[in-house]
Structures are given as structure tokens and as C-alpha cells.
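This report refers to the structure that appears directly beneath it.
The values are calculated or read from the model by the stated rules, or taken from the named source; none is laboratory data. Predicted model only: the values in this text are computed from it and were never measured. As a convention, Cβ positions derive from the backbone with ideal geometry for all residues, glycine included, and neighbour counts pool all protein chains shown.
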Amino acid sequence: MKQDFNAAYWQERYLSNQTGWDTQGITTPLKAYFDQLQNKDLRILIPGCGNAYEAEYLFNQGFTQVYVADVAPAPLENFSERVKDFPKDHLLLQNFFDLQGQYDLIVEQTFFCALNPDLRAAYARKCAELLVPGGRLVGLLFDTTFEHDGPPFGGSAEEYRAYFAPYFHFRHFERAYNSIPPRQGRELFINLQKK
């Protein structure tokens, strides 16, 4: 029987502390990218945000239009406890594929690899739909295969290109040089611009 990675599944993972992907902080490649952004008014979406260390970092750097989305309430509650001043209406308890609105930047950090691989083409299409013309999808994708059944689900740069090519220009699509040690040599840093 195929596992349904629904809200109940993810809620249980958080409640039972089965969160091996959680790095307890922002990862180096995303911090480096955020540090060179100058427009603090960018509308930023972080889907499948988990504990949302990226949103915490951006918010603390003065970015005011950061939105986080997850299907499970537990990580959003954790985040809200940690970052008490974060606007409550920017916490979206919602399925990514049901999200509406327009964003300048979508941040990818372990959400793509958590989705059933059958949804990858739909993910690329939905990201393009949510971005303004010229908007960017930036983040990290695993460039490796895993020995266990996912999530996380691995894959290759070649596979991923096929999903994103119809909607995006590839500004950067290479192995990350500054991954955190456990992920060194196994991540692609992507910076894709909506066509």
C-alpha cells in the first residue's frame, strides 16, 4: 500500500520528533543567498516550511513580507512560539497545491524531497503559477539517491531539469559548494527565474 504523506502523517512525524531533516537552523547556502538580497519588501513564500528557520532568519533581517506554509500545525506552532512577533496571518496552514497569491521569491528547503515524486512536475508548475513574472525559485535539492524508502526522496539534476525547464530560466543549477557537512556533495543549489 502506498503511503499517503498527508497532514496527519507529517503532524505525527513532528509530534514524535521524527524530524531527521531538521537542521536546527538556517543552512549555509540559503543564508549566503539571503545575505545578498537588498529589497526587504520582497514577497517571499516558504512552502513545506517545517520549523522555518529560513523565515526566522529573514524576518530578523527585516524582511516584512515572508509567508510560511505547511500542512501540519505542529511546526507552525513551534515557529510561532519561537518568533513571537511574526505576523499570524503569514502562517498558512494549507496544502501547497491549494495556495493562492503572487510572490517574488519561493524558497525551497527540503519540501521538494518530502513530496511524493509523482508530484514533482505539478510542484514545478505550481511554483511558476505562484511567482510573479521574473520571480525566482531558489533553494536546495538533493542530488543523490537514498538507500531507504522516502521521504526524503532523492533524484538527479537531469531528472529535475525536465520538471523546471518548461517554466523557468536556469540562472544557477549546480552542486552547492557550501552545504552543511552532512549534505556536502549531495545538494544542488538552484536559482530559477520564471519565464
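Given the options ASP104, ASP85, ASP98, name the one that is surrounded by 13 or more Cβ atoms within 10 Å (Cβ to Cβ) and either out of contact with any helix residue (DSSP H, G or I) (no Cβ under 9 Å at 6 or more places or on another chain) or charged (D, E, K, R) (or both).
ASP104 is the lone residue from the list that is surrounded by 13 or more Cβ atoms within 10 Å (Cβ to Cβ) and either out of contact with any helix residue (DSSP H, G or I) (no Cβ under 9 Å at 6 or more places or on another chain) or charged (D, E, K, R) (or both).
Find all pairs meeting these conditions: Cβ atoms under 8 angstrom apart; at least six residues apart or on different chains; first residue within segment 169-192 and surrounded by fewer than 16 Cβ atoms within 10 Å (Cβ to Cβ); second residue acidic (Asp, Glu).
Pairs that qualify, where the first residue is surrounded by fewer than 16 Cβ atoms within 10 Å (Cβ to Cβ) and the partner is acidic (Asp, Glu), are ARG175/ASP143; ARG175/GLU187.
Restricted to segment 11-41, and to residues that are modelled with pLDDT of 90 or more and assigned to a helix (DSSP H, G or I), which residue is surrounded by the fewest Cβ atoms within 10 Å (Cβ to Cβ)?
Among those residues, the one meeting the criterion is ASP35.
Identify, from the list GLU54, GLU77, the residue that is more than 16 Å from PHE164 (Cβ to Cβ), part of a helix (DSSP H, G or I), touching a residue at least 12 places away in the same chain (Cβ under 8 Å) and acidic (Asp, Glu).
The conditions single out GLU54.
Is it the case, given these coordinates, that GLU147 is surrounded by fewer than 13 Cβ atoms within 10 Å (Cβ to Cβ) and free of Cβ contacts under 8 Å to residues at least 60 places away in the same chain?
It is true that GLU147 is surrounded by fewer than 13 Cβ atoms within 10 Å (Cβ to Cβ) and free of Cβ contacts under 8 Å to residues at least 60 places away in the same chain.
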